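The block underneath contains the structure these notes are about, expressed in C-alpha cells.
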Amino acid sequence: MPTAIRVEGLSKTFDTAAVLHDLSLDVRAGELIGLLGPSGSGKTTLLRIIAGLDFPDRGRILFGGDDATGLPVQKRAVGFVFQHYALFKHMTVADNIAYGLNARARSERPPQAEIRRRVGNLLDLIRLSGFADRYPSQLSGGQRQRIALARALAVEPRVLLLDEPFGALDAQVRKDLRRWLREIHDRTGQTTIFVTHDQDEALELSDRVAVLDKGRLEQVGTPDEVQDTPVSATVLRFLGDSIEVEAIAEGGRVLVAGHPTPVAAPSGLIGPVTLHVRPWQLQFVEPAQAHLSGTVRSSYRSQGRQRIEVDRGAEKPLVVEDTDGERYEAGRPVGLRINGGYVFA
Amino acid sequence: MSETLVPASFAAADRAAAPPASVVTEGGSVRWLLTGVAILFLALFLVLPLVTVFAQAFAKGFDAYLAAFREPDAWSAIRLTLTVAAIAVPFNLVFGVAASWAIAKFEFVGKSLLITLIDLPFSVSPVVSGLIYVLLFGSQGLFGVFLAEHGIQILFALPGIVLATIFVTFPFVARELIPLMQEQGTAEEEAALTLGASGFHTFLTVTLPNIRWGLLYSVLLCNARAMGEFGAVSVVSGHIRGLTNTIPLHVEILYNEYNFVAAFAVATVLAGLALVTLVIKSVLEWRYADELASGRAH
Amino acid sequence: MVETLRPRRRFRQPSVIPGFGLTFGYALTCLGLVVLLPLAALVARASGLGLSGILEVASDPRVASALKVSFGVSLVAALVASVFGFLVAWVLTRYRFPGRRLVDAVVDLPFALPTAVAGIALASLYAPNGLVGEQLEKIGIKAAYTPVGIFIAMVFIGLPFAVRTVQPLIAEIDKEIEEASATLGATRWRTLTRVVLPPLIPAVLTGFALAFARGVGEYGSIIFIAGNLPYVSEIAPLLIVIKLSEFDYGGAAAIATIMLAISFLTLLLINLIQAWSRRRFGYV
C-alpha cells in the first residue's frame, strides 16, 4: 500500500515543555490507524500538526510525497472531527454538512443541487436521513458526533482525523459508534487517523496502532503485534495489567527463584532482569513446582473471569486470572507457575 | 483513498508563506489595526473627557482650583451629598440582602416578576424617576394638599432627594447578590442548620462570608451612582443654593454661571470618586472573579 | 381509607431555611413604597389624561420634535456604540497587548463618572473653542449645540452596554468551532462572518437595545453639550423638566408615559430576542 502521509522528525515544544521528540510515522493509504497513549503523550498535538492546526518546531509533514508542512489548514484537505463535535449551533444539520462545500471558491464549488445530493447521501450513510432541518441542540451526543463525521467527510478529505472521537459519550453509545465507524471505514476506504487513550478502543478499531509516550513513538504495529510482542515495558504496561518479577537471564532462558521459565531471554542478555507477566500467564500449582508463592488475599469477578489477589509479603499483591474454576479462600497458601512473560533489554 | 479526490488547488498551494502562530486569529497587521482603532476610539470618547475635567480644573492654577472649595456653598453641597449617600446606600444594602435572600434561597410563585420589578428603576429615565416623586408629593401631586396642611416638606428638601436617590440606585445590590447567592445554593446553610446554628447565626457566619466581595462590589457601584446622580435629583431638589444642592447640582450651577474653573474643580471631586470606584472595582474583578456574580451587563 | 396524594399548588416550596416571611415581606414593602407607589402615581396621572390627552401633548410640535430628536439620535448613537462596542469587546477578549486590563477598566468609565461631570467635560471639549470642537469646526462639523453633540454624549453613555453584553459571549466562543471551520477550507473572513458572528447577534441586539434605551432617557451628560434649542437640539427628558418648572404636571406625565412605553417595548424586545435565541440555539 502506498504511503498517504509521512511524518518526518517532528519536534514541538510548548512554552518550555517538549511534547514531541523527533517523531516519525508513515500512514498507509486506506488504513485506519489509532494513535494510542496516556494523556500528555503528544498524540493530540501530532494529530493537530497533521491537520495544520498546530505547527512543528522541526520536521516535515508529507501528503502523498508533497511537503505540506507550511500549507495553511484551509488548503490541506483534511477532515477533522473534534472531541466535542464543534458543530455550528446556529446552522441546521444540512447546513453544517454542506459548510465545507459552500466554503470553496466559486470556481470549485459544486452546484447547489449537487451539494444537496451529497448531503443527502451522507445523511443516509450516517443513518440520520430525517434530520436535515434539525439544529444541533435538538440532537443527542452520539447523533452530533455522527453529524460531525459527515461534515468532515463531505469535503472528500485526503485523510480523516479524529481527536478522541468518542471521549465525551456514554459507554454504550461509545461501543455502538466504534463498530459503526469501522463499518463506515470499510465501506469508504478513507485513510483515517484517530486519537484515543482507551486501549480497548484502539485495539478493537485499528488496522494498526501507534503507541506514543512522552512525545516519542514507542511502537507501531497491528493490534496483534503490539499485544503479542510489545517492544518496551512502557507499551506492555499501557496495553494491560501486568506484574513485575525479579529474574535472572542465563543461557538464553529466564530463571525465577532458580527455576527455569518458558520465557526466552534476548540473545546476549545475562544477569538480573525484570520479567513482565500478564495475569493469564500465571497458573496455580503445587508449591514444589512454583516460581512464586504467597497467600490468597481476596478474589473477585471481573468481566466474567475470576481474579485472585495473592499476597507476597512486602511486595504489591499479584493478580492472577484463574480459569480452573476452583474457589480460593482468603488466607490459603498457594504456589504460582509462570507460563509466559516478557523481558526487555 | 485515490489521489483524484484531492482538490486541484492543493498541489499549487502557497506553501512558501510562514505559518501563523494560530489558525484561529486574524493576521498580525489586522490585529494591530483593530487594536489601534479600538484604543483610539476609547481614548477619544472616554478618556479625553476625563482628562478634560482635570485640565480645566487646573487651567488657572492651583490657587484658582482651591478657591472653588473656599465657598461655603461648595461645602454644603458636599455635606448634603454625603448625607444622602449615608442614608440611601445602607437602605439599599439592607433591601438588597433581604430581597436576594428571599429570591435566591427559596422557590415561590412570581419570582421572575419580582426580579423584573426590582430591575425596573434601571430602565426608567432619571428625569422620570424624579418626576414620579413630584407627582406624589408636589403641590398638585397625590399627597400635595395633605402634606401642605400638615407642614411636611418632602419635595425640594432632603427627604425628596433621598427618595429619588434610593429609587435610581434601588437595583444595584439586589442585582449583584441574587445571581451570586443562586449560584451558591443552599447546601452550606442547610449544613449549618443541621449543626444546630440559628437562622441569624447561619446568615452571619455562613452566608455573609460567601457574599462579602459581591456585597462590597455592589455597595461601591451603588455609592458612586448615589453621589453622582443628577437628573432625578435635579427634578426634586428645587436648586436652593446652600440648602438642596448636591455636588452634581452645584457643578451645574457654577457651569451655567460661566464659572468654569470652579465647576470643573468641584467636578474633580466626583471624577476622583469615579476613578477610585473603578480601581477598586477592577481589583475586585481580578482578584475575586469567582466570588462575584458572573455575566454582568451593568 | 386511602387519601389520594395530589400535588397541592402552593405559593412557596417548603424549605428548612428560615427567614422567608421576614425578608420577603421587607423586600416587598420597600419595593412597593419606593418603586411601585410612585410609578403608580405616574400611571394614575397618565390615565387621567387618557390616550387622547397623551396624544394631544405628543402632537404639540415642540414635544414631537423633542421626541423625534431623543429617539432618532439615540438610534444612530446606539448603532455606532454597538459597532465600536463589538470591536472593543473583540480586541479586549481575543488579543493580548500591554495595558489590556487598563483599557478594559476604562470601558466602565461612563458607568462610574457622574453624568453631570461627563456633560460639562464633553461640552467644553466639543465647544467651538474646545479641543475637539475647534478641529471639527475646521472640517465643517458643528458638534456642540446641535444633534451631533447629543449623538456624542449618547455614544459615550451607551458604549459600556454594547461592550459588556457581547464581551462574555466572545470569551465563551469555543475555539474548536473556528478550527473546524478552518479545516473545512473556510477563509478567516468566512469563518468570522458565517461561524463566529451569527451566534453573537442576539447579544449584539441586546446591547444595542440597552444602549438605545439608556440614550433615550439620558439627561445629565446631554444638556450641557446640546444647547437645548427648541425644535433643533432639545431632548424629551429636558422638556419634562421644563413642563415641571411651568407646573404643567399633566404635560410632563404625558411625555414620561410615552418614553416609558417605548423603553418597556425595548425591554420586551430584548426578552423576546433572548427567549428566541435560547430556544433556537440553546444559549442566550
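What the table shows:
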{"item": "Unmet requirement for residue C:103, which otherwise passes all of (1) surrounded by fewer than 21 Cβ atoms within 10 Å (Cβ to Cβ); (2) over 30 Å from residue B:250 (Cα atoms); (3) more than 7 Å from every other protein chain (Cβ to nearest Cβ); (4) not charged (D, E, K, R)", "result": "(3)"}
{"item": "Residues located in the range A:227-257, provided they are free of Cβ contacts under 8 Å to residues at least 60 places away in the same chain and charged (D, E, K, R)", "result": "A:228, A:237, A:244, A:246, A:250, A:253"}
{"item": "Test: residue in the range B:117-133 that is surrounded by fewer than 15 Cβ atoms within 10 Å (Cβ to Cβ) and part of a helix (DSSP H, G or I)", "result": "no"}
{"item": "Among the residues listed as B:272, B:242, the single one being surrounded by fewer than 20 Cβ atoms within 10 Å (Cβ to Cβ) and in a loop (DSSP other than H, G, I, E, B)", "result": "B:242"}
{"item": "Filtered residue count, the range B:138-155, keeping only those that are closer than 28 Å to residue C:115 by Cα and either surrounded by fewer than 18 Cβ atoms within 10 Å (Cβ to Cβ) or away from chain C (no Cβ under 14 Å) (or both)", "result": "1"}
{"item": "Where a residue in the range A:73-87 is more than 7 Å from chain C (Cβ to nearest Cβ) and at positive phi and its partner, wherever it lies, is polar (S, T, N, Q) and surrounded by 24 or more Cβ atoms within 10 Å (Cβ to Cβ), with Cβ under 6 Å and at least six apart", "result": "A:85/A:145"}
{"item": "Residue list for the range A:283-312, restricted to those being within 16 Å of residue A:259 (Cβ to Cβ) and small (Gly, Ala, Ser)", "result": "A:288, A:290, A:293, A:294"}
{"item": "Every pair of residues 6+ apart whose Cβ atoms lie under 9 Å, when the first sits in the range B:179-197 and is more than 20 Å from residue B:97 (Cβ to Cβ) while the second is modelled with pLDDT under 90 and aliphatic (A, V, I, L, M)", "result": "B:194/C:16"}
{"item": "Within the range C:226-253, tally of residues that are crowded, with 24+ Cβ neighbours inside 10 Å, assigned to a helix (DSSP H, G or I), at the interface with chain B (Cβ under 10 Å from one of its Cβ atoms) and of a type in the set (A, V, I, L, M)", "result": "5"}
{"item": "Matching residues, the range B:276-291, being without any contact (Cβ under 8 Å) to a residue 12 or more places away in the chain and at the interface with chain C (Cβ under 8 Å from one of its Cβ atoms)", "result": "B:278, B:279, B:282, B:286"}
{"item": "Number of positions in the range B:19-56 that are assigned to a loop (DSSP other than H, G, I, E, B) and either in contact (Cβ under 8 Å) with a residue 40 or more places away in the chain or more than 7 Å from every other protein chain (Cβ to nearest Cβ) (or both)", "result": "4"}
{"item": "Pairs where the first residue, in the range A:215-226, is within 16 Å of residue A:27 (Cβ to Cβ) and the second is among the small types (Gly, Ala, Ser) and surrounded by fewer than 21 Cβ atoms within 10 Å (Cβ to Cβ), C-beta under 9 Å, 6+ apart", "result": "A:217/A:24; A:219/A:232"}
{"item": "Some residue of the range B:131-146 being on the phi > 0 side of the Ramachandran plot and in contact (Cβ under 8 Å) with a residue 12 or more places away in the chain", "result": "no"}
{"item": "Every pair of residues 6+ apart whose Cβ atoms lie under 9 Å, when the first sits in the range B:222-236 and is facing another protein chain (nearest Cβ under 7 Å) and closer than 18 Å to residue C:120 by Cα while the second is of a type in the set (Asp, Glu) and not in a helix (DSSP H, G or I)", "result": "B:231/C:218"}
{"item": "Looking only at the range A:91-110, and only at residues there that are among the small types (Gly, Ala, Ser) and assigned to a helix (DSSP H, G or I), the one that is nearest to the other protein chains (Cβ to nearest Cβ)", "result": "A:100"}
{"item": "Which listed residue, of C:277, C:221, is crowded, with 24+ Cβ neighbours inside 10 Å and hydroxyl-bearing (Ser, Thr, Tyr)", "result": "C:221"}
{"item": "Residues of the range C:264-279 classified as over 16 Å from the mean Cα position of the chain (by Cα) and either among the hydroxyl-bearing types (Ser, Thr, Tyr) or outside any helix (DSSP H, G or I) (or both), total", "result": "1"}
{"item": "Residues of the range C:108-144 that turn out to be more than 10 Å from every other protein chain (Cβ to nearest Cβ), outside any helix (DSSP H, G or I) and in contact with a Pro (Cβ under 8 Å, 6 or more places away or on another chain), as a count", "result": "2"}
{"item": "Residue within the range A:276-286 that is touching a strand residue (DSSP E or B) at 6+ places or on another chain (Cβ under 8 Å), in a strand (DSSP E or B) and more than 22 Å from residue A:333 (Cα to Cα) present", "result": "yes"}
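Residue by residue, here is whether (1) aliphatic (A, V, I, L, M); (2) under 26 Å from the mean Cα position of the chain (by Cα); (3) more than 7 Å from every other protein chain (Cβ to nearest Cβ) holds:
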residue: C:180; (1), (2), (3): yes, no, no
residue: C:184; (1), (2), (3): yes, no, no
residue: C:187; (1), (2), (3): no, no, no
residue: C:190; (1), (2), (3): no, no, no
residue: C:201; (1), (2), (3): yes, yes, yes
residue: C:209; (1), (2), (3): yes, yes, yes
residue: C:220; (1), (2), (3): no, yes, no
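The values are calculated or read from the model by the stated rules, or taken from the named source; none is laboratory data. Here the structure is a predicted model, which is why all the values come from computation and not from measurement. In this analysis, Cβ positions are derived from the backbone assuming ideal geometry, glycine residues included, and neighbour counts consider all displayed protein chains.
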